[in-house]
Amino acid sequence: MKYPNTLDLNTYRAYMCARHLNRDKTRLLDAINLDWDLNVPEPLKVLCLKAIADNWMTVPYFRELPLCEDRQYLLDLLDLNFPLENLCSRVRSDAFWKRAFHHRWRSFVPIEVGTKPWIRIYLEQHLSEMVEHLKPNDYDQEGIKRIVDLCSPFVRELRIERLQPSLSDNSDHVPLDVVLANLRRLQRISLTYDVKDVGHNFFLGCATITEMDVKLMTQGLERCCELTEFRLHSSKLEPTMMKRISAALGKGCPSLRTIAFPHCRCGDIGLRAFCEPIHPNSFPNVREVILTNNFLSPESVQELTWRLRHRQIEKLDLRLNPILTEGAAFIMTSVFYMPLQELNLSCCSIDEQIEECLLMLIRFNCTIKRFDISSNRLSPAMGERLLQRVHENKTLQQFDLRNTDISYDVRAIIDEVILENRDPHSLHMWQAR
């Protein structure tokens, strides 16, 4: 008897208690044993389904089967090593693609599954793995385009966590123009030009992004019309690269909502180069800007706040940048011109001179819900004055003051006051953590 994969095995184990059942050895039928019918002739329908499964490459019958139970039985019999071309065009069953995913990546747990179909999860992981393990010397444009065209109707998100270094004298990585240009429904991309393992081909600088890498990547980005989230992280970006990326995103991605360059070390010159092609109508839908650890100074932060002013920015992350108290003051006085909901100024070398701007922000701002100013040198006396202002703020829901020289007792009272601002749903989630 074939055990159906649609039924959870744990459910079977929970309701089957062999210790309390009378196991009479003289019985001809043992319903507990799934192999009791090995000597019983199989029905003709089962034989036909097995024949279809064995010859599925030549007779790919699936939708032609009238009954849903017959289709499900056939999916249990199908070989998971069939070519993707046949499977993608015929099979949409979540149960089959989930089984195929866990069979291929036994130790990998996909994130943010939610209601996503498993065929999409499978093909997104398949495409990411192919790009990550492809060596530049083995790059075949026609073969890559054929695979991308196969995955394109289903792929919405692409995560590239590493790229193989070139074996030649130059440091160019695998070209991404063909991949990005043919993913017509791509909405989110997270990319890094980095290596995760050291082999015999390793050399210093093999993980460095080159001008040719950026040129080919931006050519593909210009055709990603549905892109809403762009993340390029842990890659050293030069000013010319930042300018090219800015121009490509502004030209080809009108729906972009998130721009993130964490740990890209672009510096003040790189940020100015990124802002140079931007005009008042550029990036009309951007809501999140993430510039973590980019060596930004107060001067570049001043220009950034001027560019973001009067835009619908909801999240700004500048942690691990030495913007000092001067740069933090620019930001705290500019948030009144933006509907900012989340602000992260952790580890930004801010001192107690920020007190006036911080108290004004806590008292008068009515949009920020999450504020992180941890790991900065604030004074212990500032905690008492912050506690007085927090009582007047009915919007703030998270206020991180760890490692700021403010005493634990004062921080605990501030957390209790802020807890009252949370709605019951978010409060329940916070207590669950």
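The values are calculated or read from the model by the stated rules, or taken from the named source; none is laboratory data. Since we're looking at a predicted model, the values are computed, not measured. With ideal geometry, Cβ positions are generated from the backbone for all residues, glycine too; neighbour counts draw on all protein chains shown. What goes into the accessible areas is simple: the full protein's heavy atoms, side chains included, and nothing from ligands, DNA or RNA. Shrake-Rupley method; radii C 1.70, N 1.55, O 1.52, S 1.80 Å.
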Qualifying lysines (Cα of each under 25 Å from Cα of Lys116; at least 8 residues distant if same chain): Lys98, Lys145
Simple spin-label estimate for Glu69 and Thr208 in nanometres, 7 Å along Cα-Cβ: 6.6 nm
Cα gyration tensor shape of segment 266-399, rounded if a/c is under 1.5, else prolate or oblate by comparing a/b with b/c: oblate
Full-extension gain in nm, Asn285 to Glu112, via 0.36 nm per residue minus C-alpha separation: 59.9 nm
GluC sites (Glu not before Pro) restricted to DSSP loop in segment 294-388 with at most 12 other C-beta within 10 Å: none
Average accessible surface area per residue within the chain, 1.4 Å rolling probe, Å²: 54 Å²
Relative contact order %, the chain, counting alpha carbon pairs below 8 Å whose residues are six or more apart: 7 percent
Overall form of the chain per C-alpha gyration tensor (a/c, 1.5; a/b vs b/c): oblate
Linear extension gain, Val417 paired with Arg90, 0.36 nm per residue minus alpha-carbon span: 112.0 nm
Most mobile listed residue (Leu249, Leu134, Leu227) in the chain, GNM with C-alpha springs under 10 Å: Leu134
Most fluctuating residue given options Asn421, Asn403, Asn281, as computed from a GNM of the chain linking Cα atoms under 10 Å: Asn281
Met57 paired with Thr367, simple spin-label distance in nm, labels 7 Å along Cα-to-beta-carbon: 6.0 nm
Cα centre as origin, Lys/Arg/Asp/Glu Cβ charges: the chain dipole, Debye: 940 debye
Top of Met57, Met338, Met242 by mean-square fluctuation, Gaussian network on the chain, Cα under 10 Å: Met57
Environment charge of Arg146, counting only residues whose C-beta is closer than 13 Å and scoring Lys/Arg +1, Asp/Glu -1: -3
Of Lys196/Lys236; Lys236/Lys315; Lys215/Lys251; Lys135/Lys196; Lys215/Lys236, pairs whose Cα-Cα distance is over 20 Å: Lys236/Lys315
